[in-house]
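To start, the structure itself, in structure tokens.
Bear in mind these aren't lab numbers, they're just calculated from the coordinates by the rules spelled out. Keep in mind the model is a prediction, meaning the values are calculated, not measured. Cβ placement follows ideal geometry from the backbone for every residue including glycine, while neighbour counts extend to all protein chains displayed.
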Amino acid sequence: MSAETSTDHRDEAEVSAEQARDGRIAVRLWAFIRPYRVLFALCMLLLPVASALSLLQPHLIQLAIDNHFVPRKEEGLGLLVLAFAATILAEFFLRYAQIYLMELAGQRALRDLRCAVFAHIQRLRIAYFHRNPVGRLMTRLTSDVDSLQEALSSGVVTIIGDLFTLAAIVVILLAKNWRLALVTFAVVPVLLGVSFVFRLLIRAAYRVLRTKIARLNADLQEAVTGMGVVQLFVHEEASKAAYDEVNRDHRDAAYKSIRWDAVLYAIVEMIGSIAIAGIIWWGAGEAVAGYATLGVLVAFVEYVQKFFIPIRDLSQKYAVVQSAMASAERLFELLDSTEIIEDAPDARPLDGFEDRIEFRNVWFTYTDEDNWVLRDVSFTIDKGERVAFCGHTGAGKTTIIGLLTRMYDIQRGQILVDGVDIRELRLRDLRRRFSVVLQDGFLFAGSLRDNIAMRAGEVDEARLREASAVVHLDRLIERYPQGFEHPVRERGVNLSSGERQLVTFARALAHRPDVLILDEATANVDTETEALVQAAVEALLQHQTSVVIAHRLSTIEKVDKIVVLHHGEVAESGSHAELLALGGLYARLVELQYTDPTRRGADA
């Protein structure tokens, strides 16, 4: 087989694969459009009526020329003028109604698509977000959905209307003068060939462009989020240069898509002009021979212009649709992501924590079995017990929290709550049993009330105030004239680190968890609120089943049990006094932290 033949077969296979993929994407998009099919149906009904009114106008011009201008007959001309004006006015209102209905249905369908994508994102494993930049996910819900919106508003439906217009014009031209019609249609095969070639080029260009937009957004989000570090290390020029490189890549990809679109538009315009010139040249002879009147010739020029306008617009709309298909492809790739922790088909409800939590011979790795993070880990947490975990960085302390709340699933062993494997429990019920306070408490834009209650209906005013009082947040709230309605800016940047942490403490307590988890919750606290935070921690641990990831060993001296982790294994377990008497790893950690000034406050 020759290289040329092989290439042809490969091109045919590629086209066939793209057509099949486009078909699957269209079917999936229809699932979101279907609830609003009545609106789309009304829109589709208005399209041919509006197109028919538009196509009636050249015929009225023909009648005016042949029946009134050429014979110089004024009688009846006024009615033609009124009819012409009426068609223009009626077409205006029909086009308005059609566009309005199309936009209304499209926006509703896209709202549902956004919600579906966002709901799916919320179900993805945390590991997925570690691998995918926030900016890339933002692109899916913004730029990619906007691309679909453009396709629905000025693409798919209007393409159908344009195809109807083209078919109607073909019939009209053949009926008026088949010889002139054949001259006009002589250029159609050229148009079809050009459109086929540019279809592949435009689709590929838009697919690359969507990728570049996602990278641009991801880099921008990272740069803005880390702006403090950038400025502190005088890294502005290097950051700008890196962003400029990404921006240039996006620009080059945009140039390529614009170039193919512009070339196609220009070619269609040129072919249309050639067709009109051919009609004038051939039509003049037809008129002289008596096969066509002047009115027919003028009407032909009008119809040919209307014939090539949708063809010219089809090139643009086709580019829009190709961009939308590339965006839809990326959206459905996200929706098809299987990195989801789901309930078992027969998942059991969990109404509360009654007895104990047990890690039984647990093995876990984030990547592969050559890099175990936890190795054969076993321990228990009884109801009402306060248990702390300590160990060197990387020992697996925070991993235990992720496994306990089932942010990740273990590879071997079992994690049991009241004797039931957590994989057999409803995930929502399981996570509602825990409240977690992280080292860097995350706050949302809104108010203090929103951040404590998390907009949950079960947290009433009494519980809000009670939780705030227990963790001493009420002392800070008294400073604010608006109290709980005090505004919180994005990530809580208008609050100190200690204030942010007290808000997260109140949030944890207000939801009345069965188990409270403190993940190095006192690590990043300013001196102004350090005493309040320490008092809040003591209050939280007073009468609460608690799991503490130790940062300062002084904060865990009074807990019931300390589990010392070393290289992913349980090295020691016991109370503070018992472990000191043992003289093992924990005793050495305490000695290092209390005797070496450079290690005080270091991660235990």
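Structural remarks
- Full-extension gain in nm, residue 557 to residue 491, via 0.36 nm per residue minus C-alpha separation: 20.5 nm
- With the simple spin-label model, which puts each label point 7 Å out from Cα in the Cβ direction, the residue 462 to residue 59 separation comes to 7.8 nm.
- Set of aspartates and glutamates with alpha-carbon distance to residue 558 below 14 Å, sequence-local pairs under 8 removed: 385, 538, 578
- Prolate/oblate/rounded label for the range 356-595 (Cα gyration tensor, a/c 1.5): prolate
- Selected from 128, 200, 177, residue furthest toward positive end of dipole (the range 116-217; charges at beta carbon): 128
- Computed helical MRE - 222 nm, the chain, DSSP H runs ≥ 4 contributing -39500 (n - 2.57), nearest 500: -21000 deg cm²/dmol
- Whole-Å distance, taken between Cα centres, linking the range 318-382 and the range 417-464: 19 Å
- Euclidean distance between Cα centres, the range 119-178 to the range 485-505, Å: 41 Å
- Once the Cα-Cα distance is subtracted from the 0.36 nm per residue extended length, the residue 482 to residue 178 segment shows a gain of 101.4 nm.
- Farthest positive-ward along the range 356-595 dipole, Cα basis, beta-carbon charges - from 556, 541, 492: 492
- Projected area, mean over directions - the chain, Cα convex hull, nm²: 40.8 nm²
- Neighbour counting of Cβ atoms within 10 Å sorts the residues 227, 325, 138, fewest neighbours leading, into 227, 138, 325.
- Additional length obtainable on full extension of the chain from residue 370 to residue 190, 0.36 nm per residue less Cα span: 58.7 nm
- Cβ-to-Cβ counts within 10 Å put 115, 43 in ascending order as 115, 43, the fewest first.
- Residue (of 119, 372, 321) at the positive-pole extreme of the chain, dipole from beta-carbon charges: 321
- Sorting 368-374, 479-485, 406-412 by their mean Cβ neighbour count within 10 Å, with the most densely packed peptide first, gives 406-412, 368-374, 479-485.
- Sites residue 571 and residue 429, calculated FRET efficiency, Cβ-Cβ separation with R0 25 Å, nearest 0.05: 0.15
- Pairwise label distance in nanometres, residue 89 with residue 262, each label 7 Å out on the Cα-Cβ vector: 4.3 nm
- Taking the C-alpha atoms only, the angle from helix 37-64 to the longest principal axis of the chain is near 20 degrees.
- Net dipole in debye of the chain [+1 Lys, Arg Cβ; -1 Asp, Glu Cβ; about Cα centre; nearest 20]: 1500 debye
- Per-pair calculated FRET efficiency, R0 = 51 Å: residue 225 and residue 309 via Cβ, rounded to 0.05: 0.60
- Using the Cβ-Cβ distance between residue 332 and residue 103 with R0 = 22 Å, the FRET efficiency computed as 1/(1 + (r/R0)^6) comes to roughly 0.45.
- Hits among lysines - C-alpha to C-alpha of residue 306 under 26 Å, sequence gap 8 or more where chains match: 176, 317
- Fewest-first sequence of 144, 376 by Cβ atoms within 10 Å of each Cβ: 376, 144
- With Cα atoms, 0 to 90° folded angle of helix 461-470 axis to the chain main axis: 40 degrees
- Lysines with Cα under 18 Å of residue 397, excluding same-chain neighbours fewer than 8 positions away: 561
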